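For reference, the structure discussed in these notes is given below.
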Amino acid sequence: MSNYEKVRRAVTGRALSAKEASQEQITPVEGLSALSLDALTSVAYGPEAILIVLAAAGASSLHLILPITIAIIVLLIILVISYRQVIDAYPHGGGAYAVTRDNFGSQASKLAGAALIVDYTLTVAVSIAAGVGQLTSSFPSTAPYTVPMCLAILLIITALNLRGLGEGARALLIPTLVFIVGLLAIIAIGLIHPLGLHTTQTGRSLVATHSVEAITILLVLKAFSAGCSALTGVEAIANGVPLFKEPRVVRAKRTELMLGLILASMLLGLAVLSNKFHIQPRTNQTVLSQIMVDAVGRHWAYYVVSLTITLVLALAANTSFGGLPVLTSLLSRDNYLPHLFGVRDSRLVFGNGVWVLAVASGILLVAVSGNTNELIPLFAIGVFIGFTLSQSGLVVHWRRTREQGWTRRAAINGVGALITAAATLIFLFSKFLEGAWVVVVIVPLLILLFTRIERYYNRANKELGAGVIPQMPDRKRTLVVVPVTRVSRLTQHALSEALSLGDEVLAVTVVFDGELVGLPQDDIERQWRDWHPGVPLRVLHTDYSSIVQPIVRLVDELRERKDRQVVVLIPVVIPEKLRYRLLHNQVDLALATELRRRPDVVVARVPMPILPSEPADL
């Protein structure tokens with residue numbers, strides 16, 4: 001096993017067979033850690049986003065967080081019901097993309113796919129940045145290391161997901177349960193008998209001392225749309241139905257219901273405590289941290305839950321790593337993305353999707369220096385476009401299928417579509433200059449990319465005759481050309497392979513300025529006669545130093561006979577150590593690259609490994 005293979009296996013684990021695929025499928029409880037952390041941990045920035053908008057109207061407006069949160073919970077209930085219906089109707093996954101493709105056609109499905117890709121990428125960046133932000137709120141001395149901590153967490157999550165979703169979900173299960181139980185316990189203590197009301201809060205208040213903005217319907221709508229960032233991730237379970245154990249639909253719907261109940265309880269409890277403790281958004285301390293300080297004080301419970309929230313917030317990026325690779329595999333199946341995104345690796349994971357998501361979110365984290373507030377304006381637009389399309393698509397679906405109770409279902413989805421569309425527009429217009437314009441640019445560019453790739457695949461399939469029964473294959477005589485530089489075991493090995501492949505074999509060597517590279521002309525010809533391998537040797541003369549061009553010109557001459565297939569078999573040396581590769585095969589890459597431009601020439605390599613009997617000196 002090579003060193004590369006050893007490292008790869010250490011990171012990703014041993015290869016899994018198709019029979020072992022069930023090991024990587026998840027249960028409803030594991031679904032909370034694998035596909036729901038994004039939504040659950042949004043309580044760390046959703047309520048804060050509401051208060052930051054309300055703060056512009058002064059302290060007297062902050063009490064509106066409770067009615068706004070109740071409205072968000074109503075929308076959450078509609079979305080949970082809707083996505084449970086999506087799971088029933090589209091059990092093969094894909095969520096908003098599958099619904100849109102089925103009910104609105106390819107162009108709308110490209111919009112859904114592009115919006116979800118943006119959402120998943122931003123989810124990773126926001127989740128990790130929010131987790132590190134919670135850590136720096138609890139331990140301010142760590143603030144200078146924000147970006148390195150973000151990238152380190154991203155690397156860990158990527159490695160976990162390359163090992164398989166099931167393994168990652170089980171690794172995150174205990175922190176997820178500690179987060180849920182711990183935060184609900186702190187909320188209960190705060191509601192019943194708070195322990196830390198007199199604890200001093202750090203940071204400067206962000207509430208305007210003189211109202212910059214009046215309390216208007218527009219302000220309330222802006223706060224509502226900002227708080228809707230707490231709903232991101234609700235769709236991930238519907239996107240990843242194939243990841244669950246059988247019966248997949250039942251388990252996925254159960255996970256969606258658990259997510260809705262837990263998230264609604266947390267949002268409502270935090271909104272009530274925010275009013276009760278008169279919480280204000282502050283610099284260097286999150287709203288969630290302030291509520292926890294007032295509920296239990298800065299004691300061991302605060303630090304345990306803070307560290308758990310930091311960990312789970314950061315690992316909430318796992319939701320995207322569960323959803324985006326499945327989405328990109330569906331997009332590749334529909335010819336909107338390269339087909340390599342539909343290929344599973346040795347761990348039965350869509351590894352190419354995992355890597356693309358990791359690189360894109362890493363670039364984003366570096367670009368914003370790990371600042372959550374710079375990402376929030378971009379965050380909810382993509383997912384709410386998906387919400388709107390999936391809700392509208394379900395209305396069309398119910399009208400077309402007319403299943404029992406379809407009018408009630410269509411009404412629920414119709415209301416959800418109107419609310420999410422309104423939230424999308426408000427978010428877009430209110431945050432456009434703060435960074436939302438980036439999403440407006442990226443989504444059309446992704447749609448253009450999908451269209452160009454689809455157009456290419458359609459043209460390629462037409463040229464290749466995909467789906468059409470072709471004529472009978474032609475049989476041609478095969479001429480195998482073997483470039484050689486000397487008589488050796490490598491030459492013998494290459495000629496043996498060539499004789500087994502073709503009807504005719506020709507060895508070729510190049511002479512430069514009267515002598516062969518490595519051996520004089522007379523020596524190679526004499527050795528060839530002495531050896532007498534039964535294969536003719538053609539000596540090519542050149543006045544230039546290129547060995548490649550004379551061989552290419554010969555191949556072009558041989559190609560002129562259309563009744564013969566030319567195969568160029570290049571001998572290559574495979575050293576035991578990777579570092580020795582540079583010492584061999586200098587002609588191989590250049591010759592193979594030049595000949596592959598000729599579509600009627602088959603280029604192949606015949607490898608010969610070197611297994612030294614003595615340790616190498618280098």
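The values are calculated or read from the model by the stated rules, or taken from the named source; none is laboratory data. What you see is a predicted model; the values in this text were computed from it and never measured. Note that we place each Cβ from the backbone using ideal geometry, even for glycine, and neighbour counts take in every protein chain shown.
Here are the numbers for the structure shown:
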read-out	value
Positions within region 353-397 being assigned to a helix (DSSP H, G or I), β-branched (Val, Ile, Thr) and more than 15 Å from the chain's Cα centre (by Cα), in sequence order	VAL366, THR372, ILE376, ILE381, VAL383, ILE385, THR388, VAL395, VAL396
VAL207 vs. criteria modelled with pLDDT of 80 or more, crowded, with 21+ Cβ neighbours inside 10 Å and not in a helix (DSSP H, G or I)	no
Some residue of region 58-81 being in contact with a Lys or Arg (Cβ under 9 Å, 6 or more places away or on another chain), assigned by TED's automatic domain parsing to the domain that holds ARG399 and not in a loop (DSSP other than H, G, I, E, B)	yes
Whichever residue in region 307-325 is modelled with pLDDT of 80 or more and touching a Ser or Thr at 6+ places or on another chain (Cβ under 6 Å) and, among such residues, is nearest to ASN161 (Cα to Cα)	SER320
Qualifying residue in region 585-592 (condition: under 30 Å from ARG477 (Cα atoms), in contact with a Leu (Cβ under 8 Å, 6 or more places away or on another chain) and modelled with pLDDT of 80 or more)	no
Where a residue in region 172-191 is in the same structural domain as HIS278 (by TED's automatic domain parsing) and buried (at least 18 other Cβ atoms within 10 Å of the Cβ) and its partner, wherever it lies, is assigned to a helix (DSSP H, G or I) and of a type in the set (D, E, K, R), with Cβ under 7 Å and at least six apart	GLY190/ASP294
Contacts under 7 angstrom Cβ, first residue in region 404-421 being within 21 Å of GLY386 (Cβ to Cβ), partner among the charged types (D, E, K, R) and surrounded by fewer than 16 Cβ atoms within 10 Å (Cβ to Cβ), 6 or more apart	ALA410/ARG399
Options LYS245, LYS253, LYS222: the member that is of a type in the set (Lys, Arg) and either more than 27 Å from the chain's Cα centre (by Cα) or not assigned by TED's automatic domain parsing to the domain that holds PRO67 (or both)	LYS222
Residues located in region 272-306, provided they are small (Gly, Ala, Ser) and either surrounded by fewer than 23 Cβ atoms within 10 Å (Cβ to Cβ) or under 32 Å from the mean Cα position of the chain (by Cα) (or both)	SER289, GLY297, ALA301, SER306
All positions within region 102-140 that are under 16 Å from GLY393 (Cα atoms) and crowded, with 24+ Cβ neighbours inside 10 Å	SER109, LYS110, ALA112, GLY113, ALA115, LEU116
Single match in VAL220, VAL250 (criterion: modelled with pLDDT of 85 or more, of a type outside the set (Phe, Trp, Tyr) and more than 23 Å from LEU267 (Cβ to Cβ))	VAL250
Subset tally (residues that are surrounded by 11 or more Cβ atoms within 10 Å (Cβ to Cβ) and either in contact with a His (Cβ under 6 Å, 6 or more places away or on another chain) or among the small types (Gly, Ala, Ser) (or both)) for region 447-489	2
Filter pass, THR328 being at pLDDT 85 or above, in a helix (DSSP H, G or I) and crowded, with 24+ Cβ neighbours inside 10 Å	yes
Filtered residue count, region 240-292, keeping only those that are assigned to a helix (DSSP H, G or I) and either touching a helix residue (DSSP H, G or I) at 6+ places or on another chain (Cβ under 7 Å) or within 24 Å of ILE26 (Cα to Cα) (or both)	36
Contacts under 9 angstrom Cβ, first residue in region 277-291 being at positive phi, partner part of a loop (DSSP other than H, G, I, E, B) and surrounded by fewer than 24 Cβ atoms within 10 Å (Cβ to Cβ), 6 or more apart	ASN284/THR202; ASN284/GLY203; ASN284/ARG204
